[in-house]
Every structure is written in C-alpha cells, then in structure tokens.
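Coordinate-derived values only; no laboratory data. The structure presented is a predicted model; accordingly, all values stated were derived computationally and were not measured. Cβ coordinates were reconstructed from backbone atoms using ideal geometry, including for glycine residues, and neighbour counts include every protein chain displayed.
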Amino acid sequence: MQRVFLTFFGVGFIPFAPGTWGSVAGAVVGYYILYFFSSTTLFLATILLTAVSVSVINDYEAKTGEHDHKSIVIDEVAGVWIAFVLSGATLLQLILSLAFFRVFDILKPSIIGRIDRDVKGGLGVMADDIVAGIMAGIASAMVYGVALKFNLV
C-alpha cells in the first residue's frame, strides 16, 4: 500500500522520466480539484498530502534503506499542487506552473539543491519539491502578470 501511495498509484513505475510523469499526473488531479473545488481546497490538500507523505516516506526508507527512490513521485505531486495554488487557475498559468516546476525540480537551483543534498528522510524528499513548487508558482504568476500587462493573453 505504501508503494501505491508513494508512486501516485503506480505512475512512479513508468521507466522513463518518472518525476515528469508524476508531475503531469499530479497536475491533472490538481486541475480537477481546482475545477470542482477551489485553490483553498488544493492548498489544504497539499498540506495534508505533504504531512502524510513525510511520515510514509520515513517508514518506507526505514524498511528499504533507500533514500528518495526514483519511483517515489508523491513529492512531485505536492510540488506541482503548491505551484498551482500560488500561480492562479487559468490554463496558461497551470501550464506555466508545471513547466517551471519541472525546470526547478530538475536543475535544483539555490536552496532547492541544498535541501535535496542536506535534508534526510521524508522531510528531505518532500521539502525540495515544495520549495521548487513555491518558486515555480511565483515565476508562473510573474510571467502571467507580464503577459497581462502587455495584452499578450
């Protein structure tokens, strides 16, 4: 059951770019949460998902001895959700958020890389993606704001 949760219902088992697929799957679910509910609901779901994930990852790592296995994509889901919450809910903002999130998650600039390297356990697995999501949400909102200012959207 842990593997099902941590791999976001098996998405993490996709052999090529599981983090990207996990982000896309999370984006689809996040889109529907925003569509049927609100950004507040998505924000609260992100907090709950993150808290539960830290605990489940800690238990999983204790059992397997592996840190941040590539099949664990629940962190990507939480990261893209927080980006959505911060950026806005138009389709362009969601696409920008997903794109920026993947860039920040892959490149791990600044504090994201330090968290990834230095923070261990479930908190380390989740925190770098949450920070990447925050940065992606801000970047998406800024780009969208500039596009609005110049009547590009």
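Could you pull out the GluC sites (Glu not before Pro) across region 1-78 that fall in loop regions by DSSP (anything but H, G, I, E, B) with no more than 12 other Cβ atoms inside 10 Å? Provide the component values of the computation, followed by the final result.
Numbers: sites: E61, E66, E76; in loops: E66.
Sparse-neighbourhood loop GluC sites (Glu not before Pro): E66.
When the helix-only estimate is applied to the chain (DSSP H runs of n ≥ 4, each -39,500 (n - 2.57), divided by the residue count), what is the mean residue ellipticity at 222 nm, nearest 500 deg cm²/dmol?
After summing the helix terms and dividing by the residues of the chain, the value is -26000 deg cm²/dmol.
Arrange the following residues from fewest to most other Cβ atoms within 10 Å of their Cβ: T40, T20.
On the way: T40 9, T20 16.
Neighbour counts put them in this order, fewest first: T40, T20.
Loop-only check: which trypsin sites (Lys or Arg not before Pro) in region 36-125 are DSSP coil with at most 16 other Cβ within 10 angstrom?
Values: sites: K63, K70, R102, R114, R117, K120; in loops: K70, K120.
Hits after loop and neighbour filter: K70, K120.
Within the set of other residues whose C-beta is less than 12 Å from the C-beta of F13, count the net charge using Lys and Arg as +1 and Asp and Glu as -1.
Numbers: positive: R3, K70; negative: none.
Neighbourhood net charge equals +2.
What's the center-to-center distance, using Cα atoms, between region 71-102 and region 1-54 in Å?
Taking the Cα centre of each part, region 71-102 and region 1-54 sit 10 Å apart.
Rounded to the nearest whole Å³, what is the per residue volume of the convex hull around the Cα atoms of region 20-97?
Working: hull volume 6.1 nm³, N = 78.
In region 20-97, the Cα hull volume divided by residue count equals 78 Å³.
What list do you get for F43, F104, F84, F9 if you sort them by fewest beta carbons within 10 Å? Can you show the working numbers first?
Numbers: F43 16, F104 23, F84 29, F9 12.
The order, fewest Cβ neighbours first, is F9, F43, F104, F84.
Around A132, under 10 Å between beta carbons, what's the net of Lys plus Arg minus Asp minus Glu among the other residues? Please report the intermediate quantities before stating the final value.
Working: positive: R102, K108; negative: D75, E76, D105, D116, D128, D129.
The answer is -4.
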